[in-house]
Amino acid sequence: MLLFAMGFLLVILQPSMGQFPRVCANTQSLLSKECCPPWDGDGSPCGELSRRGSCQNILLSQAPLGPQFPFSGVDDREDWPSVFYNRTCRCEGNFMGFNCGECKFGFSGLNCTERQLRTRRNIFQLTTNEKNKFLAYLNLAKSIPSQDYVIATGTYIQMNNGSNPMFRDINVYDLFVWMHYYASRDTLLGGSNVWRDIDFAHEAPGFLPWHRAFLLMWERQIQKITGDENFTIPYWDWRDAEDCGVCTDEYMGGRHPTNPNLLSLASIFSSWQVICTRSEEYNSQQALCNATGEGPIRRNPGNNDKSRTPRLPSSADVEFCLSLTQYESGSMDRMANYSFRNTLEGFADPQTAISNPSQSGLHNALHIYMNGSMSQVQGSANDPIFVIHHAFVDSIFERWLRRHRPMLEVYPAANAPIGHNRENYMVPFIPLYRNGEFFKSSRELGYDYEYLQEPAVQSFQDFLTPYLQQARQIWAWLVGAAVVGGIITAVLTGLVKACRKEKRGTSSEIQPLLIEGEDYNNITYQSNF
């Protein structure tokens with residue numbers, strides 16, 4: 001009870017992040033298309049008086065998109081968030097938030113100048129108290145209403161272009177379930193028509209950065225409603241698992257004794273109601289999910305279609321995936337070959353990296369294996385296993401970033417599916433984040449993984465790998481340069497000796513070859529390698 005009261009008070013007093021800020025979910029803001037709330041610290045929009053930020057026009061990417069979505073002007077998520085707002089807070093320095101009232105990920109302190117680094121840990125290595133606290137935090141998030149955010153229950157057209165706002169309250173946990181649904185829902189085309197080949201969070205380059213941002217926001221929300229600033233999401237390392245080790249009442253809920261599709265009544269999650277799972281119903285009604293409860297969590301791990309997902313992912317699958325040097329390739333969707341992203345997401349074979357959407361590997365394999373609420377994309381975040389599963393997927397992404405050390409330019413700037421170009425804003429986040437902002441090491445964002453800190457030898461190998469790959473590519477040039485350098489060195493050495501013989505009586509103040517020798521050494525140590 002004390003934990004609930006403390007959390008309720010904290011969520012009232014502190015700003016958060018997610019979908020539509022409550023202070024902007026009104027007729028005035030929608031008609032003016034401006035969402036620049038005041039910061040409580042000085043009362044000015046975006047904390048402008050304290051130089052935290054200012055209200056600015058949104059700068060949208062003009063880069064061309066891929067051919068997967070052949071429409072324009074039919075979906076509220078196009079050029080996010082311009083259908084709803086075209087002016088928002090642009091924060092300065094290390095400030096962040098819809099009103100610039102928070103610190104960027106990885107920073108803390110009154111002026112957001114203090115660096116921080118938290119560690120995400122293996123859920124099986126938590127103490128009993130730590131594990132029970134994590135479960136209690138999840139349950140708390142399911143019961144506390146979000147004070148700063150609301151969800152849209154209608155499209156912009158259904159809101160009469162902003163003059164009839166359609167929003168409703170939602171609890172903190174379900175806010176994130178709804179955001180995951182909203183990013184991946186079908187496009188409503190009118191009548192009974194929909195377009196299914198669209199997803200702002202999956203099946204394209206933004207899959208990994210989007211979920212990285214999603215987890216960071218979710219993690220921060222838990223920190224706020226509990227007052228536990230050191231909280232981090234635990235991860236479930238499912239490599240080589242023979243069954244669902246977290247599917248017990250001690251962890252994420254065991255199997256119901258008489259109905260294998262439900263959770264054990266001994267689990268706190270057995271009483272949870274799912275939302276946003278009836279996509280066909282929403283499509284037929286041309287409606288959005290309104291977060292009404294739709295029944296209990298469903299899960300029947302291991303009783304899935306074995307022809308599609310014969311087993312859980314292995315260590316070998318993960319290692320092969322990490323060896324892929326291209327982040328993205330080809331069509332940059334679920335048909336991409338030799339793409340690290342597509343292989344990790346699970347649309348490409350984890351042993352060949354050739355696209356095979358009829359099979360589910362790595363990330364997708366876990367969703368299918370759970371055989372329930374986790375197995376449907378739009379409603380998959382209803383099952384709390386979603387969070388610890390995606391934390392481990394994010395750790396694999398982090399390993400790839402550390403091994404290959406890609407420049408930001410490796411992330412596609414153009415021709416990706418809608419919403420997935422580097423400079424596109426992620427749907428449906430406000431404050432705004434671009435895909436490219438999360439294509440960086442987790443340490444820059446203020447967190448690390450416990451198992452990535454321990455094996456120093458492996459970390460050294462990951463550090464050397466990109467340089468060794470470059471060396472292989474320019475090996476012939478290096479050998480040639482060494483031969484030429486050796487010849488030049490021999491010639492110059494001969495000249496030095498000859499000059500010394502001829503000028504033994506010369507004053508010691510005249511020593512031109514010594515200076516030339518120093519310059520030569522400086523030149524030879526310059527190398528593109």
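When you go through Ser82, Ser54 one by one, which is the residue that is open to solvent by less than 60 Å² (accessible area, probe 1.4 Å) and touching a helix residue (DSSP H, G or I) at 6+ places or on another chain (Cβ under 7 Å)?
Residue meeting the stated conditions: Ser54.
Count, please, the residues in the stretch 362-377 that happen to be over 18 Å from the mean Cα position of the chain (by Cα) and open to solvent by 10 Å² or more (accessible area, probe 1.4 Å).
The qualifying residues number 7.
Every residue in the stretch 151-160 that is open to solvent by 10 Å² or more (accessible area, probe 1.4 Å) and either among the β-branched types (Val, Ile, Thr) or over 19 Å from Phe429 (Cβ atoms) (or both), please.
Thr153, Thr155, Ile157, Gln158, Asn160
So Gly191 ticks every box in (1) surrounded by fewer than 19 Cβ atoms within 10 Å (Cβ to Cβ); (2) at pLDDT below 95; (3) closer than 19 Å to Leu215 by Cα but one. Which box is left unticked?
It is condition (3) that Gly191 fails.
Picking from Gln28, Gln62, which residue would you name as being open to solvent by 30 Å² or more (accessible area, probe 1.4 Å), polar (S, T, N, Q) and not in a loop (DSSP other than H, G, I, E, B)?
Of the residues listed, the single one that is open to solvent by 30 Å² or more (accessible area, probe 1.4 Å), polar (S, T, N, Q) and not in a loop (DSSP other than H, G, I, E, B) is Gln28.
Tally the residues that are open to solvent by less than 20 Å² (accessible area, probe 1.4 Å) and in a helix (DSSP H, G or I), restricting the search to the stretch 400-427.
Looking only at that region, the number is 2.
Inside the stretch 253-280, can you point out the residues that are more than 30 Å from Asp186 (Cα to Cα), of a type in the set (A, V, I, L, M, F, W, C) and surrounded by 21 or more Cβ atoms within 10 Å (Cβ to Cβ)?
None; the set is empty.
Out of all the residues in the stretch 274-293, which are over 26 Å from the mean Cα position of the chain (by Cα) and in contact (Cβ under 8 Å) with a residue 40 or more places away in the chain?
Residues satisfying the conditions are Tyr282, Asn283, Ser284, Gln286, Ala287.
Is it the case that some residue within the stretch 310-320 is at pLDDT below 95 and open to solvent by 50 Å² or more (accessible area, probe 1.4 Å)?
Yes, the stretch 310-320 contains at least one residue that is at pLDDT below 95 and open to solvent by 50 Å² or more (accessible area, probe 1.4 Å).
Residues are listed down the side, and each one gets a yes or a no for (1) under 21 Å from Cys276 (Cβ atoms); (2) touching a His at 6+ places or on another chain (Cβ under 9 Å):
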site	(1), (2)
Gly330	no, no
Tyr338	no, no
Ile354	no, no
Met370	yes, yes
Val377	yes, yes
Pro384	yes, no
Val387	yes, no
Arg402	no, no
Pro412	no, yes
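Looking at Thr325, Thr277, Thr343 in this structure, which one is at pLDDT 95 or above, closer than 20 Å to Trp238 by Cβ and out of contact with any strand residue (DSSP E or B) (no Cβ under 6 Å at 6 or more places or on another chain)?
It is Thr343.
Please verify whether the stretch 169-181 includes one or more residues that are within 26 Å of Ser29 (Cβ to Cβ), of a type outside the set (Phe, Trp, Tyr) and open to solvent by 60 Å² or more (accessible area, probe 1.4 Å).
yes
Closer than 25 Å to Glu423 by Cα, more than 29 Å from the chain's Cα centre (by Cα) and not aliphatic (A, V, I, L, M): does that describe Ser32?
So Ser32 fits the description; yes.
All but one of (1) in a loop (DSSP other than H, G, I, E, B); (2) open to solvent by 10 Å² or more (accessible area, probe 1.4 Å); (3) not charged (D, E, K, R) hold for Ile233, so report the exception by its number.
(2)
With the structure loaded, tell me whether Gly227 is at positive phi and in contact with a Lys or Arg (Cβ under 9 Å, 6 or more places away or on another chain) or whether it fails that test.
Here the answer is no, as Gly227 does not meet what is asked.
Among the listed residues Ser355, Ser339, Ser380, Ser395, identify the single one that is of a type in the set (S, T, N, Q) and open to solvent by 10 Å² or more (accessible area, probe 1.4 Å).
Residue meeting the stated conditions: Ser355.
Please state which one of Thr226, Thr292 is β-branched (Val, Ile, Thr), more than 18 Å from Tyr449 (Cα to Cα) and open to solvent by 10 Å² or more (accessible area, probe 1.4 Å).
Thr292
Any residue in the stretch 155-164 that is in contact with a Ser or Thr (Cβ under 7 Å, 6 or more places away or on another chain) and either within 20 Å of Trp272 (Cβ to Cβ) or of a type in the set (A, V, I, L, M, F, W, C) (or both)?
no
The values are calculated or read from the model by the stated rules, or taken from the named source; none is laboratory data. Values in this document were obtained by computation on a predicted structure and should not be read as measured data. Methodologically, a virtual Cβ is constructed for each residue, glycine included, from the backbone with ideal geometry; neighbour enumeration extends over all protein chains shown. Just so you know, the surface numbers come from the protein's heavy atoms only, side chains and all, with ligands and any DNA or RNA stripped out. Shrake-Rupley method; radii C 1.70, N 1.55, O 1.52, S 1.80 Å.
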